[in-house]
Structures are given as structure tokens and as C-alpha cells.
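Novice: Below: one structure in C-alpha cells.
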Amino acid sequence: MASGSSLLEEDLACPVCSEIFRDPVVLSCSHSICKVCLKQYWDHKGSQECPFCRRRSSKDCPPYNLSLRNICESFLKEKSQRAEAGSVLCSLHSETLKLFCLEDQIPICLICQTSRKHENHKLLPVQEAAEEYKEELRTALAPLQEKLKAFNAVKLICDQTAEHIKSQAQHTERQIKMEFEKLQQFLKDEEAARITALREEEEQKSQKMKEKIEKMTEEISSLSEQIRAIKQVLGAEDISFLQNYKDTQIRAQCTLGDPEKVSGPLIDVAKHLDNLKYRVWEKMLGTVQYTPVTLDPNTAHPKLSLSEDLTSVRRSDEKQQVPDNPERCVGRCWVLGSEGFSSGSHCWDVEVGGVAWRAGVVKESISRKGRLDPSPAGGVWGIELTSGVYRALTSPLTVLTVQRDLQRVRVQLDWDRGEVSFSDPSNNTPLYTFKHSFTERLFPFFFSVETMRLCPMKVSVSVK
């Protein structure tokens, strides 16, 4: 069933363009046509006939149908106002959509309600249905907004991490270059020293050989003169020869000893080249330091500051701008070692000067972001100094008996035997030993209000 609005629109449609009349004119047959449509039709046909009934018109310029034009203008104005007011019309009946079909999930008009298509369907007023569904969407929107917030937070961390990676790479590259410059300078100095030693030996032996040659030259000259004189006498007349014989005989006696060869005249090449690279490397070991444990800056709490060589740590007054990466300790103001241990025996010494510090080992899976129980139950085996008292991190804490203030602490881990021992390396006095069956990797951990430094070990070379 067509609506009244739809029927009216059909009645007001031009038979040529099928649109609402624009400047309609009335023909003698009483049919109305848009003025523009009529002109185009007549021009095309070449005759003045009605496009609707084909009767010829008696007038070249049919008069305007003023009443119809007013009706059309009023209809278009009303339709425009309804559109501006937000009224969406039914595509079938050109009626305002006032109901919402819950079965088909579409808005319908009052005429659609009476059709078989929506028979027995549950309907709600558009406003009520819209409010109900808006509330559903608001509920569904909340977790999406939370998810967006989480993604933005992680993206911010990623952005910060990307910048930190660049900064880390640049800083690390500078450190690598500095260390290699030191090694290169050592090699240059060693090269210069060895060439200097070679030049000194060359000069010394060349001077000795020069003196020897000069002496030999003088003796050769003397002998040559002596031989020349004797030969001259031998060539004289017999009387003259015999008169000079006694003097010549005395001159013919050689008072010079046999020439001596120079001992060790050559450069001691073997001394300069014997295992040269090994000797230089062996000497280099005396200039470098080795620490069995180094610190991992990616695990350091933002308030901890590490040295350039990653062997010392102290607490800073302000937090540093570093990414909150998964490895970083923020639950406790700690820094971990760069290497974990899951077998074998390991030992390292730590300088622990200061009024407060902690040191020991932790299991890899400790909570690095939230609360942490600093005891074996929480995966922590260590000792501390707080308020002037030394304690083992047991539960409850165990007070340690120390004869004098500790300057160094030795940490010994025997993973296979399940032992973590602490002692004073100055006199090998035991402090405390934990026993536990370890099941995962253990990492050294450190904290100090003042500077805590990992001690280097002596490096030796053995040849088999």
C-alpha cells in the first residue's frame, strides 16, 4: 500500500522527466509538462504534440500552470525541511522511520509495520531502540578504549626504547673505539720499544765492527809496507843485499799476532723475533683487567648509575631516563650481572664500602617489576649491611658476626652442589652459607648507596 506522500509525489511528476514539475505549462489537452521538457520534446519530434496523449497543441507558447507550480514548490519545500530536520524516509513508502524491527535489525515506517514482511516481529520506537543499542556500544567501547590505552602505553615504551637503542649503540661504539685505541697505542708503544732495542743493538755492534775494521786496516797497511820494503831489498845487487841483510832480517820478523775473529758480531734476530706475538700478548695481559662478573645496564634500576666499564655501581639522586624493558629491575633498586650460571663453580670479589649495600645471587625468574621477597623463598640468596648491622637475607634475617667492617666480600657459587657462600677474602673468614637445590639460572645481584666495585682477578698464562 503506497503512502499519501508517495502518491502525491507520483501525481506531481512530469511524464517526460519523471521528476517533480519545474515551471509546468498546460497544453490545450489539459496535460501539464515541464516547460524545458516540452521544448526539448518538440524540438526532437519536430511537431507540437502532447508527449502524454499525442494530441497537437494549438498554441506555440502554452501558458504556465500556476496552481500546479505552487503545489510543486510547496511539496519540495516541505520535503527539504523534513530532510534538514533529520527525518530519514522509508525507501518504500517515503514515510518517516519511527520504529525499529528487532528481528531484521532495521528501522521501518508505520506502513512497513502493517506489511506481512514484519508480521509478528518485535518492534521498538526508534529512540528507545537507539538508546538501548547505544548503551550496548558504550559498554563494548570501554574495553576497546582500555586496549587502546594499553597499546599507546606500549608504543610509547617502544618509541623510548628505539631512541635508547640508538643512544646505547652510539655510546657503546665510542667505548669500543676507546678500548681499541688503548690496545692499538699499547701495540704501537711496544713496536717502538722493540725497534728501538733493535736499533741500539745494531748501532752497538756496527760501532764495534767499525773499530775492528779500522784496526785491521792499520795492521794490513803496516804489513803491506813491510813486505814492500823486503821485496825492494830482494831486488838489489848482491853486495847491496848482503850489506842490508841483517837490518832486513830484523824487519822481516812479524811481531803481530794472528788476526782474531769478532765474537757475536751479528744481530740476535732470534731474541727480537722469538715468539714475538706471544711475548707481546703476554706482556699485554699485565695491562688489562679481567673481572669474572660484569654488570648488565639493561637490568639496572633507574636510580642506579654504572661505570663505563660496567664493574661498579652506586645509587643516584635522580632517576635516569631509561626504557622500562622486561629485564629491568624496578621492584628493587638492584642491578644484575650480565651472565647467568646454571652449572659449575663460580667466584667473584666485591668491594662493599659504604653504609648500605646488598650482594648475592637471584634466580632468573624473580619478579623484576612488583614486590619481591628478598629471601631464599623469593629466589634471593645474599647478605646486606643496613643500619650498621650485617645480615644474611634469610627469613627471618640472620645477624652475622663480623670482627671488623668488611671492605670486600667474596661470593662463591657452587650450582651443582647447591651452595652459595660468603666470606671475607682478607682473612678467608666465612660469613654465611646458603644451601638449596637450584633448578634454574642464577644471576649475581648488587645494590649500594655508595660505590660498589667488582674486583679484577689476576690473569696468568700457562704453556703446555
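Novice: One residue is enough: does region 143-160 have a residue meeting the conditions assigned to a helix (DSSP H, G or I), open to solvent by 100 Å² or more (accessible area, probe 1.4 Å), of a type in the set (Phe, Trp, Tyr) and closer than 30 Å to Gly286 by Cα?
Specialist: So far as region 143-160 goes, no, none of its residues is assigned to a helix (DSSP H, G or I), open to solvent by 100 Å² or more (accessible area, probe 1.4 Å), of a type in the set (Phe, Trp, Tyr) and closer than 30 Å to Gly286 by Cα.
Novice: Can you confirm whether region 125-142 contains a residue that is assigned to a strand (DSSP E or B) and either surrounded by 11 or more Cβ atoms within 10 Å (Cβ to Cβ) or aliphatic (A, V, I, L, M) (or both)?
Specialist: Scanning region 125-142, I find at least one residue that is assigned to a strand (DSSP E or B) and either surrounded by 11 or more Cβ atoms within 10 Å (Cβ to Cβ) or aliphatic (A, V, I, L, M) (or both), so the answer is yes.
Novice: Another one. If you scan region 303-312, which residues turn out to be closer than 20 Å to Val330 by Cα, buried (at least 17 other Cβ atoms within 10 Å of the Cβ) and either in contact (Cβ under 8 Å) with a residue 24 or more places away in the chain or not small (Gly, Ala, Ser) (or both)?
Specialist: Across region 303-312, the qualifying residues are Leu304, Leu306, Leu310, Ser312.
Novice: Also: Considering only residues that are charged (D, E, K, R) and either in a loop (DSSP other than H, G, I, E, B) or open to solvent by 50 Å² or more (accessible area, probe 1.4 Å) (or both), which ones fall in region 364-390?
Specialist: Those that are charged (D, E, K, R) and either in a loop (DSSP other than H, G, I, E, B) or open to solvent by 50 Å² or more (accessible area, probe 1.4 Å) (or both): Glu364, Arg368, Lys369, Arg371, Asp373.
This table checks each residue for (1) under 23 Å from Tyr290 (Cα atoms); (2) under 34 Å from the mean Cα position of the chain (by Cα); (3) of a type in the set (A, V, I, L, M, F, W, C).
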site	(1), (2), (3)
Trp334	yes, yes, yes
Ser342	yes, yes, no
Cys347	yes, yes, yes
Val350	yes, yes, yes
Ser367	no, yes, no
Asp373	no, yes, no
Gly378	no, yes, no
Gly382	no, yes, no
Val402	no, no, yes
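Novice: Are any residues in region 413-428 polar (S, T, N, Q) and surrounded by 15 or more Cβ atoms within 10 Å (Cβ to Cβ), and if so, which ones?
Specialist: Ser421, Ser423
Novice: Looking for whichever is at pLDDT 95 or above and either in contact with a His (Cβ under 6 Å, 6 or more places away or on another chain) or on the phi > 0 side of the Ramachandran plot (or both) here; the options are Leu393, Leu413. Which one fits?
Specialist: Details: Leu393 fails: either in contact with a His (Cβ under 6 Å, 6 or more places away or on another chain) or on the phi > 0 side of the Ramachandran plot (or both).
Going through Leu393, Leu413 in turn, the sole match is Leu413.
Novice: Can you give me the number of residues within region 286-302 that are surrounded by fewer than 13 Cβ atoms within 10 Å (Cβ to Cβ) and assigned to a helix (DSSP H, G or I)?
Specialist: Count: 0.
Novice: Identify the residue in region 381-397 that is free of Cβ contacts under 8 Å to residues at least 24 places away in the same chain and of a type in the set (A, V, I, L, M) and, among all such residues, is nearest to Ser365 (Cα to Cα).
Specialist: Looking at residues that are free of Cβ contacts under 8 Å to residues at least 24 places away in the same chain and of a type in the set (A, V, I, L, M), I get Leu397.
Novice: From the list Ser91, Ser28, Ser67, which one is closer than 30 Å to Glu128 by Cα, out of contact with any helix residue (DSSP H, G or I) (no Cβ under 9 Å at 6 or more places or on another chain) and either hydrophobic (A, V, I, L, M, F, W, C) or loosely packed, with under 14 Cβ neighbours inside 10 Å (or both)? Walk me through it before giving the result.
Specialist: On the way: Ser28 fails: closer than 30 Å to Glu128 by Cα; Ser67 fails: closer than 30 Å to Glu128 by Cα.
Every option except Ser91 fails the conditions.
The values are calculated or read from the model by the stated rules, or taken from the named source; none is laboratory data. Model, not experiment: these values are computed from the prediction. Cβ coordinates were reconstructed from backbone atoms using ideal geometry, including for glycine residues, and neighbour counts include every protein chain displayed. Quick note on the areas: whole protein, heavy atoms, side chains included, nothing else; ligands and nucleic acids left out. Shrake-Rupley method; radii C 1.70, N 1.55, O 1.52, S 1.80 Å.
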